[in-house]
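Please treat every number below as a calculation from the coordinates, not as lab data. This is a predicted model, so every value here is computed, not measured. Cβ: placed from backbone, ideal geometry, glycine included. Neighbour counts: every protein chain shown.
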Amino acid sequence: MSTRADRGRDGPPARLALALRVGEVLLLVAVTLAPLLVTGPVVALRRGGPAARRHVWSRLTTLLTRLGPAFVKAGQVLGTRRDVLPTAVCDELSALQDSVPPLSARQAREAFAEVYGDQFDALFTEVDYTAVAAGSIAGVHRARLTSGREVALKLRRPGVERVMGLDLALMRRGARLVAVLPPLRGVPVAEVVDAMCDAVLGQLDFEREAASLARLRGELAVVPRVWVPQVVPHACRPRCIAMEFIPDLDVDAASRCPPAVRRKFAESGLTAIYEMLFVNGFVHCDLHPGNLYFTESAQVVVLDAGFSVQLGDRLRLLFADFFLNMAIGDGDKCAAIVVESSAEVRPDADLPGFLDRMADLVRRSHGLPAREFSLMAFAAEMFDLQRRHGIHAAPELIFPLLSLLVIEGTIRDLDPEVDFQELARPVLLKGRFTSR
């Protein structure tokens, strides 16, 4: 992460920079949302209230995209909080995608020179300054070490930490202001936004991410066919991660493989997630296509560990117990675990009503054949029950559920008949009854 001195060099004093950013944000809010005063009532009259609300939430995601990377990342994380936000809002937020052009070759050359200084020529014989992949925080470049080894260099965008830091500070202050409004009393707005900001900031810490990749590589070595690139420590810097280069990654590779290989992909990918969730408690929360690849040699490649979370032992075991009891259809026990693991039970919560309905949800889901069981639908109904009955989930438990929800569509595409509950059983027993 940047030092205090670095932040001071980046621009005007923080207070003035924040004030300027507030003005820019307010202008974008006005330009993007003002048309709703006209279009909202029109949509309501023509298509009804639910369509009008969806129209509002759609404009909100447009606003977040226009506001920039920090707001996009924050929206992606907030979209997981279905225990607090309405389902329609979360559906719109979950559709947010980064759409940021890569650095130009000149900008990349200057950034590498700043990161490595006079050590650059001693480390690399060649670097491709045209990124092979790019996101809002970093771009990935192909390079060759002086040893001859080919590596991938994940380079953080210059200045992104300052811009995102300003925006996240603005979000924290805004959350504290709106938390006192009557409609939001009793909703943990500040706590949710703080957890969201911490998750986004964690993706800027490349030293942490390098350590997370190395840890994932070691812990997932027990899962057949899973490949996490090896970090090259001596070529890493605080703003750049050097790792093994994996050639010919293609998001469409799995579609060209026969069904038997695709089933192996599904089994390995899901087992890797379960190993993280139930055994190690160290969870990769962002395994969307682009961070999860399948090769024609039947390997599952896991990349980009910036959005990773460590669960405490208590929550890891509670999560494992929930899945274990879900696998045997014990709805009462599952409902009790949700309450036990919650961050807050509001004073006006309908606890008996929640316990009854949550137990019924588990029993109904347990009876479904694999092809009809949807984690997304299950989680959406569970979160809706929590929100309506005043049970706020612990923020840490949102992340393991997020990891499953992100990967579910990919796994279903690979093997429509996959049984999520049955595949979890052996890993659950390993995680629940053996020490870490």
Subject >> Given charges at beta-carbon only (K, R positive; D, E negative), |dipole| of the chain in Debye >> reply: 940
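Let me have the 222 nm mean residue ellipticity of the chain computed from DSSP H runs of 4+ only, each contributing -39500 (n - 2.57), with the sum over all residues rounded to the nearest 500.
Values: 18 runs with 244 residues, N = 436.
Rounded to the nearest 500, it is -18000 deg cm²/dmol.
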Subject >> Which of His141, His288 has the fewest Cβ neighbours within 10 Å, and the rest in rising order >> reply: His288, His141
Original post:
Considering only DSSP beta bridges whose two residues both sit in segment 250-436, what percent are antiparallel, to the nearest 5?
Top reply: 90
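Give the range of the longest stretch in the chain that excludes all GluC sites (Glu not before Pro) found in loop regions by DSSP and having at most 13 other beta-carbon atoms within 10 Å. If you can, show how the numbers build up before the last one.
Working: sites that count: Glu296, Glu417.
Longest run free of exposed loop sites: 1-295.
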Original post:
What ranking do Cys334, Cys240 get, fewest neighbouring Cβ atoms within 10 angstrom at the top?
Top reply: Cys240, Cys334
Original post:
With the dipole of segment 250-436 worked out from charges on the C-beta (+1 for Lys and Arg, -1 for Asp and Glu) around the Cα centre, which of Phe323, Ser255, Met376 lies farthest toward the positive end?
Top reply: Phe323
**OP:** Take the chain, connect every pair of alpha-carbon atoms lying under 10 Å apart with a spring to form a Gaussian network, then pick out the residue of Arg54, Arg217, Arg239 with the largest mean-square fluctuation.
**Re:** Arg54
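Please give the net charge around Gly306, taking every other residue with its beta carbon less than 11 angstrom from that of Gly306, where Lys and Arg add +1 and Asp and Glu add -1.
Working: positive: Lys73, Lys154, Arg156, Arg208; negative: Asp205, Glu209, Asp286, Asp304.
Every neighbour counted, the sum reads 0.
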Original post:
Over the chain, what is the mean sequence separation of C-alpha contacts under 8 Å (at least six apart), divided by residue count, expressed as relative contact order in percent?
Top reply: 14
Subject >> Eligible lysines near Lys333 by straight Cα distance, threshold 24 Å, same-chain separation 8 or greater >> reply: Lys430
Original post:
If you count the DSSP beta bridges with both ends in segment 194-336, what percent of them are antiparallel, to the nearest 5?
Top reply: 75
Original post:
Counting DSSP beta bridges in the chain, what percent are antiparallel, to the nearest 5?
Top reply: 90
**OP:** In nm, give the distance between the simple-model label positions of Arg208 and Arg172, each being 7 Å from the Cα along the Cα-to-Cβ direction.
**Re:** 1.3
**OP:** Sort His234, His389 so the one with the fewest other Cβ atoms within 10 Å of its own Cβ comes first.
**Re:** His234, His389
Original post:
What's log10 of I(q)/I(0) for the chain at q = 0.09, 0.10, 0.11 Å⁻¹, Debye sum over Cα points only, no solvent?
Top reply: -0.64, -0.79, -0.96
